[in-house]
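Here's the structure we're looking at; comments come further down.
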Amino acid sequence: MEQRHLGRTGLRVSRIGLGTLTWGRDTDEHDAADLLKTFWEAGGSLVDTADVYGDGDAEYLLGRLMEGLVPRRDLVISTKAGSVPDPDRRSDGSRGHLLAALDDSLTRLGTDYVDLWHVHAFDPVTPLEETLQALDLAVSSGRARYAGVSNFSGWQLAKAATWQLAAPGTRTRLAGTQLEYSLLQRGVEREVLPAALDLGIGLLPSSPLGRGVLTGKYRQATPADSRGGSAHMAPFVAPYLDDTASRIVDAVATAADGLAVTPLQVALAWVRDRPGVAAPIVGARNAQQLTAALSVEALSLPDEICRALDDVSAPLHRYPDHDWSTL
């Protein structure tokens, strides 16, 4: 698999990443082992997790698998901290919480460092410089090799990155940012992606298949064994089952028919090759699904197909997201 630099850093990652959102909850150790081995054998390196995935079980499971299945040195481990299961406070970016969470992650993962550590979400009640100092301490202590943020808006990302660039040598440059990005969700193109491109930050799209909807599996009905058919994941899928999404999914299916490939391959190739994207993070229930996603490696979409998909999925951008003179 092709390797890409993450933003303007020396860190190289496979251009498709493996997500572990369901590990330890819907994905058991046997299936997780098959997924990790399949990914590694295909040349994949970037494995993304978080301290809250499966209430920590995802990290624990990944750590167990690194003990004997896949060498630690072959993987780029990315994890996140700062998201908390508190309805009154969804994120905690305090220095104390973040550093304690990182130590707990390292224990569960069975490693003394992670390659990439993200702040999971912006915390509006903690001074941003305090949150960023936790990243500096994590990198300077060797517990994290690179640092990034997740689910930051455009102004939040720009403020954080500029703060880190203000004193080179003492502050840790942001390497990556992780947000949802797909043909069904192009909101990052308004401000986040332009900021990331300007600041040299690599984008790691989550849900690049529109929470599974872009595969076409929901065109006729909701499969009982799908995320949309499960009680706890159905609300996650539901926003992308409207008429607007249906038109985009139909266009993806048409493109796939014309290219003799699958809708999954078309949707994933589109986001993988967008400017600024380092590696879409793909979640799969089993090795068969993952193999289907990894088969996109040989596919590059023709320009006319990309333009057609751009047009049918174009979000409505208004002032001041675009140059006022074009309005």
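The values are calculated or read from the model by the stated rules, or taken from the named source; none is laboratory data. Here the structure is a predicted model, which means the values were calculated and not measured. Here the Cβ is made from the backbone with ideal geometry for all residues, glycine too, and neighbour counts use every protein chain on show. The accessibility values were calculated without ligands, DNA or RNA, using every heavy atom of the protein model including side chains. Shrake-Rupley method; radii C 1.70, N 1.55, O 1.52, S 1.80 Å.
Restricting to the stretch 23-41, and then to whatever is open to solvent by 10 Å² or more (accessible area, probe 1.4 Å) and over 16 Å from residue 72 (Cα atoms), can you tell me which residue is farthest from the chain's Cα centre (by Cα)? Among them, the one singled out is 30.
Of the residues screened, residue 168 is not one that is out of contact with any Cys (no Cβ under 9 Å at 6 or more places or on another chain) and modelled with pLDDT of 95 or more.
In summary, residue 285 fulfils each of the numbered conditions (1) part of a helix (DSSP H, G or I); (2) out of contact with any Pro (no Cβ under 6 Å at 6 or more places or on another chain) with the single exception of condition (1). Residues being open to solvent by less than 30 Å² (accessible area, probe 1.4 Å) and touching a strand residue (DSSP E or B) at 6+ places or on another chain (Cβ under 7 Å) are entirely absent from the stretch 233-241. Restricting the search to helices (runs of 4 or more DSSP H) fully inside the stretch 92-209 and requiring at least 1 residues that are open to solvent by 70 Å² or more (accessible area, probe 1.4 Å) and either under 24 Å from residue 10 (Cβ atoms) or among the small types (Gly, Ala, Ser) (or both) gives 128-140, 154-165, 192-199.
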